[in-house]
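Structure first, then comments.
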Amino acid sequence: MKHAALFTPIDMGRITLKNRIVLPPLTRQRSAQPGDIATDLMATYYRQRASAGFMVSEGTQIEPRGQGYAWTPGIYSQAQINGWRKVTKAVHAEGGVIFAQLWHVGRVSHNALQPGGQAPVAPSAIQAQKVKAFIQTGPGVGELVQPSLPRALELAEIRDLVGQYAQAARNAIEAGFDGVEIHAANGYLVNQFISAHSNQRDDVYGGSLENRLRFLREIVEAVAAEVGADRLGVRFTPLFSSTDQDRVYIGLVEEDPHTTYIEAIKVLEAAGVAYVSIAEADWDNAPDLPESFRRDVRANFSGKILYAGRYTAERGERLIEAGLADLIAFGRPFIANPDLPERIANGWPLNPLDPATVYGGAEKGLTDYPTYSG
């Protein structure tokens, strides 16, 4: 077997994973309309990839205001819970493990996606830049648009949102998921509270780093109390540089990203969460995360550490063997190769990804990639 370090089992919370290869959350925009409901086709897509050590669902919005892209699924209605139950049942039938990613886009949205055409919500009324929302313009068609100017959340609304995260986690467990991941990355709502660029509040949720981490801390504690810290992960994007490439925006670069995210990871450690997922810069020629940061993550967190980016099997294996990672996520390769773990183990060639079929559509580019046949 090639890359043996990727194929050793590992305990994560209450679950033993069969390998270290992860399908990360990947937006595919194929939920049923109306209602943003997971479908039989989505169940097939996840079932095909159940040989991963574990999978994280595409981001699933915790409430209607949490949507920034047409046709993404939700986890707040009974119909959505029932739709996801078909997915988890299909994955479990193949011996797979799947977590739900709990998502709220905050200001990265548009009036056309918001209930009643209202403004999106955010920590502060600061419009998102260098990023697009996606709205439907007709049946099955849409366009990328500049996010609308958001309005600042009231204190009572922030507390209500913490409760909605806990309710979404409860809904996910009801739907059969093995656990949940809080999306605190990519410039979305939790990241907006963490970032000094998007959070200019002067109350207990803004100002100091400790205050900017309060929303994260309260959500982590509420979700852990609801479903168990051993069934919880959190995703961050601790960017150390940015890019001007169109459509490559994956978050906000802090003045001191090292300190910001080590302090955020200490929040997870205090709560005893099962894993931290770190999504790295993945644009062309992006710099690697500083090794000093990776070492500090390990020194400050006793749960499992997952890295995602443009990883090859070789690069992921080196990180595991160095003791800096426990799990490695493969995004684009797993879209195009449903049998990715088997291909890695045997050194088989990979199918190329068709970028035109990543977002929206039906079977093409979702469930029609072939397994290896020699």
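Residues being closer than 24 Å to V223 by Cα, within 21 Å of the chain's Cα centre (by Cα), open to solvent by 50 Å² or more (accessible area, probe 1.4 Å) and not aliphatic (A, V, I, L, M) are represented in segment 91-107 by at least one member.
Scanning segment 176-186 for residues that are crowded, with 24+ Cβ neighbours inside 10 Å and either free of Cβ contacts under 8 Å to residues at least 12 places away in the same chain or closer than 21 Å to R47 by Cβ (or both) yields a count of 4. Restricting to segment 122-171, name every residue that is touching a Pro at 6+ places or on another chain (Cβ under 9 Å) and free of Cβ contacts under 8 Å to residues at least 60 places away in the same chain. Selection gives A125, Q127, Q129, S148, L149, P150, R151, A152, L153, I158. Among residues belonging to segment 288-301 that are under 21 Å from the mean Cα position of the chain (by Cα) and of a type outside the set (A, V, I, L, M, F, W, C), point out the one that is surrounded by the fewest Cβ atoms within 10 Å (Cβ to Cβ). It comes out as D288. Looking across segment 109-125, just one residue is surrounded by fewer than 16 Cβ atoms within 10 Å (Cβ to Cβ), out of contact with any helix residue (DSSP H, G or I) (no Cβ under 9 Å at 6 or more places or on another chain) and in a loop (DSSP other than H, G, I, E, B), and that is A125. Take R318 and tell me if it is open to solvent by 20 Å² or more (accessible area, probe 1.4 Å) and either under 24 Å from A4 (Cβ atoms) or in a strand (DSSP E or B) (or both). Answer is yes for this residue. Residue by residue through segment 9-28, note down the ones that are in contact with a strand residue (DSSP E or B) (Cβ under 6 Å, 6 or more places away or on another chain) and of a type outside the set (A, V, I, L, M). Across segment 9-28, the qualifying residues are P9, R20, P24, P25, T27, R28. Only residues that are more than 17 Å from M55 (Cβ to Cβ) and either in contact with a strand residue (DSSP E or B) (Cβ under 8 Å, 6 or more places away or on another chain) or part of a loop (DSSP other than H, G, I, E, B) (or both): list them for segment 339-357, please. Once the filter is applied, which keeps residues that are more than 17 Å from M55 (Cβ to Cβ) and either in contact with a strand residue (DSSP E or B) (Cβ under 8 Å, 6 or more places away or on another chain) or part of a loop (DSSP other than H, G, I, E, B) (or both), segment 339-357 yields G347, W348, P349, L350, N351, P352, L353, D354.
The values are calculated or read from the model by the stated rules, or taken from the named source; none is laboratory data. This one's a predicted model, so the numbers in the text were calculated from it and none came from an experiment. Don't worry about glycine lacking a Cβ; one is built from the backbone with ideal geometry, like all the others, and counts go over all protein chains shown. For accessibility, only protein heavy atoms count, side chains too; no ligands or nucleic acids. Shrake-Rupley method; radii C 1.70, N 1.55, O 1.52, S 1.80 Å.
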